[in-house]
Amino acid sequence: MAEQRDIRQLTLDEIGDYFESIGEKRFRAKQVDEWLWKKSAKDFDQMSNISKDTRDRLKKDFTINHIAVDQMQRSDDGTIKNAIKLHDGLTVESVLIPTHNRITACISSQVGCSLDCHFCATAKLKRMRNLNPDEIYDQVVAIKEQGEQYFGRPLTNIVFMGMGEPLLNYANVIAAIDKITGDKGLGMSSKRITLSTVGIPKMIKKMADDEVKFNLALSLHSALDDIRSSVMPINKKNDLDSLVDALTYWYTKTKKKVTYEYVVWQGINDKKSDAEALVRFCKIIPAKVNLIEYNPIDEGRFQQANDK
């Protein structure tokens, strides 16, 4: 028996063609699309304005490969960490981060990662596949529901800072953002979405050319090539000069400042010379810096810097 196709892989027109092929009215496609993307239906039986016979036919011909929160851990500060099981048994992580005025969803874009950043736990996993747009969208919906359930507040922000490099899954990430921000989807503002990347210059330029409306964050961690290359091997092929070129192009096209993420490690990037290099880098285009405390993943070289 052939595997059922996830109906969310079809376009609105393709769903309309399907309904015509089974003798149904084409407008049914808009009803199904609304259930899938605006109301985040997890199964066909939720589609109450569609007849039972038609729902049964949909269940016969299609599936909805919705994610499942397999495990959930709640921290004392309210943070909720989710292990998300995908339809093929693979797992990714997403995190709900609460503050007094925000509920932020930190979501994944790939299963594993191929970039081998030495400080990152995900880098210890091989990249197994890209996430589909619906799997990215589902993570947002899951955290939206958790925010409402546990905090009584709506989801306010989304950051692509989970597992994977979003610019290596560009088409699916953009398709997911379109569903998340579209009037026929969740209707969130693009201004409340931030995509974090290790820095792939040609893709940063492509985002600028595509006139994306969301925000850009760069995992910088050092403004000195030798140090950055020692912790992030991608810098050997995409060095700081190439990033400066891409980021300057980004700002020229979008007029949007960039956030530089900088994890401070003891004895690696915490010297006065590191701070001076960072200041120089920040003067190239309008930017802000997010200094991040490090949570060690082992007893190796990467340890949180002291306060002095």
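The table below gives the values:
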{"quantity": "Given 16 as the ceiling on other Cβ atoms within 10 Å, longest exposed-site-free region of the chain for chymotrypsin sites (Phe, Trp or Tyr not before Pro) in DSSP loops", "calculated": "28-293"}
{"quantity": "More than 28 angstrom apart: percent of Cα pairs within the chain", "calculated": "45"}
{"quantity": "Total formal charge among the other residues, if their Cβ is under 12 angstrom from that of P133, Lys/Arg +1 and Asp/Glu -1", "calculated": "-3"}
{"quantity": "Distant alpha-carbon pairs in the stretch 208-308 (separation over 18 angstrom), percent", "calculated": "49"}
{"quantity": "Amide hydrogen neighbours beyond the local backbone of V159, cut-off 5 Å, H modeled", "calculated": "A105, C106, I107, T194"}
{"quantity": "Of all accessible heavy-atom area on the stretch 4-68, the percent that carbon and sulfur account for (1.4 Å)", "calculated": "45"}
{"quantity": "Residue-wise HN-Hα coupling along the stretch 163-170, computed from phi with Karplus coefficients 6.51, -1.76, 1.60 (Hz; x: Gly, Pro)", "calculated": "5, x, 9, x, 6, 8, 9, 4"}
{"quantity": "The stretch 1-89: GluC sites (Glu not before Pro) falling in loop per DSSP and having at most 14 other Cβ within 10 Å", "calculated": "E3"}
{"quantity": "Heavy-atom accessible area per residue - the chain, 1.4 Å, Å²", "calculated": "51"}
{"quantity": "Amide proton proximity set for V198, modelled H, under 5 Å, gap of 5+", "calculated": "S219"}
{"quantity": "For the stretch 126-240, the Rg and Dmax computed from alpha carbons only, in angstrom", "calculated": "15.7, 47"}
{"quantity": "Centre separation in Å (Cα based) which lies between the stretch 41-69 and the stretch 202-250", "calculated": "42"}
{"quantity": "Where a label projected 7 Å from the Cα of S189 along Cα→Cβ would reach, residues of the stretch 94-133 with amide N under 18 Å", "calculated": "99-105"}
{"quantity": "Inter-site label distance for K202 and Y294 at 7 Å from Cα along Cβ, in nm", "calculated": "3.1"}
{"quantity": "J(HN,Hα) series, the stretch 174-189, from Karplus relation 6.51 cos²θ - 1.76 cosθ + 1.60, nearest Hz, glycine and proline x", "calculated": "5, 4, 5, 4, 4, 6, 5, 9, x, 4, 8, x, 7, x, 6, 6"}
{"quantity": "In sequence order, calculated HN-Hα J values of the stretch 275-292 (Karplus, 6.51, -1.76, 1.60; Hz; x Gly/Pro)", "calculated": "5, 5, 5, 5, 4, 4, 5, 6, 7, 5, 9, x, 7, 9, 10, 10, 7, 10"}
{"quantity": "Helix-only [θ]222 nm of the chain, DSSP H runs n ≥ 4, -39500 (n - 2.57) each, per residue, nearest 500", "calculated": "-9500 deg cm²/dmol"}
{"quantity": "Counted charge near N238, where neighbours are those whose Cβ lies closer than 11 Å (Asp, Glu -1; Lys, Arg +1)", "calculated": "0"}
{"quantity": "Candidate lysines - alpha carbon under 21 Å from K272, same-chain residues fewer than 8 apart omitted", "calculated": "K283, K288, K308"}
{"quantity": "Eligible lysines near K39 by straight Cα distance, threshold 25 Å, same-chain separation 8 or greater", "calculated": "K25, K30, K52, K59, K60, K81, K85, K144, K179, K184, K191, K213"}
{"quantity": "Anchor K42: aspartates and glutamates whose Cα lies under 17 Å away (excluding residues fewer than 8 positions away in-chain)", "calculated": "D6, D33, E34, D56, D61, D70, D88, D134, E135, D138, E145"}
{"quantity": "Cys residues of the chain counted as unpaired, since no other Cys beta-carbon is under 4.7 Å", "calculated": "C106, C113, C282"}
{"quantity": "GluC sites (Glu not before Pro) lying in DSSP loop within the stretch 203-308, provided at most 12 other Cβ fall within 10 Å", "calculated": "E211, E293, E299"}
{"quantity": "Counted charge near E24, where neighbours are those whose Cβ lies closer than 13 Å (Asp, Glu -1; Lys, Arg +1)", "calculated": "+1"}
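The values are calculated or read from the model by the stated rules, or taken from the named source; none is laboratory data. Predicted model only: the values in this text are computed from it and were never measured. Because the Cβ atoms are built from the backbone with ideal geometry, glycine has one as well, and the counts that use them run over all protein chains shown. Accessible surface areas use protein heavy atoms only, side chains included; no ligands, DNA or RNA. Shrake-Rupley method; radii C 1.70, N 1.55, O 1.52, S 1.80 Å.
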